[in-house]
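Step one of this worksheet: look at the structure below.
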Amino acid sequence: MPAAIKRWQPPRRRRSCTKEVAHYQTADWRARRRRILIRDASRCRVCGRVVYGRAAHVDHIIPLENGGTDDDANLQTLCERDHGRKTRGEQRAGKFLDAKIKKGGGSF
Ligand SMILES: [Zn+2]
């Protein structure tokens, strides 16, 4: 009998996870995501397109970093395109706000 040959196992890939990515990998989030997709009948809330699998994005209406929650009421189904647009819009809005603050406010 040969010495026990250890089954070779591929090295575990270590992904440098940001907190946000880790959040989307929890079983809790997956269950929530499925629930939102069912609630919205897998339709993008912006364009009404039916989206499946990876194309179906569950979006935080108010982003977490802006004080939004994981509550179902703050979640919506979006297609990849509309989610991308929304995220870019939020980033622009964030920059706009930063600029305002740096300028020292002013009247709205
Ligand atoms: Zn859409």
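Of all residues in region 36-47, one or more are among the acidic types (Asp, Glu) and crowded, with 16+ Cβ neighbours inside 10 Å.
Does residue 22 fit the bill of being under 27 Å from residue 94 (Cα atoms), modelled with pLDDT of 95 or more and away from the ligand (no atom under 14 Å from the Cβ)?
So residue 22 fails the test.
Close Cβ contacts (under 6 Å, 6 or more residues apart or on different chains) running from residues in region 46-57 that are over 13 Å from residue 84 (Cβ atoms) to residues that are part of a helix (DSSP H, G or I) and more than 7 Å from the ligand (Cβ to nearest atom) comprise 56/37.
Taking the criterion of being part of a helix (DSSP H, G or I), more than 10 Å from the ligand (Cβ to nearest atom) and under 11 Å from the mean Cα position of the chain (by Cα), the only residue of region 57-83 that qualifies is 64. Residue 51: within 12 Å of the chain's Cα centre (by Cα), surrounded by 15 or more Cβ atoms within 10 Å (Cβ to Cβ) and among the β-branched types (Val, Ile, Thr), yes or no? The answer is no for residue 51.
The values are calculated or read from the model by the stated rules, or taken from the named source; none is laboratory data. Every value quoted in this text rests on a predicted model; they were computed, and no experiment measured them. Don't worry about glycine lacking a Cβ; one is built from the backbone with ideal geometry, like all the others, and counts go over all protein chains shown.
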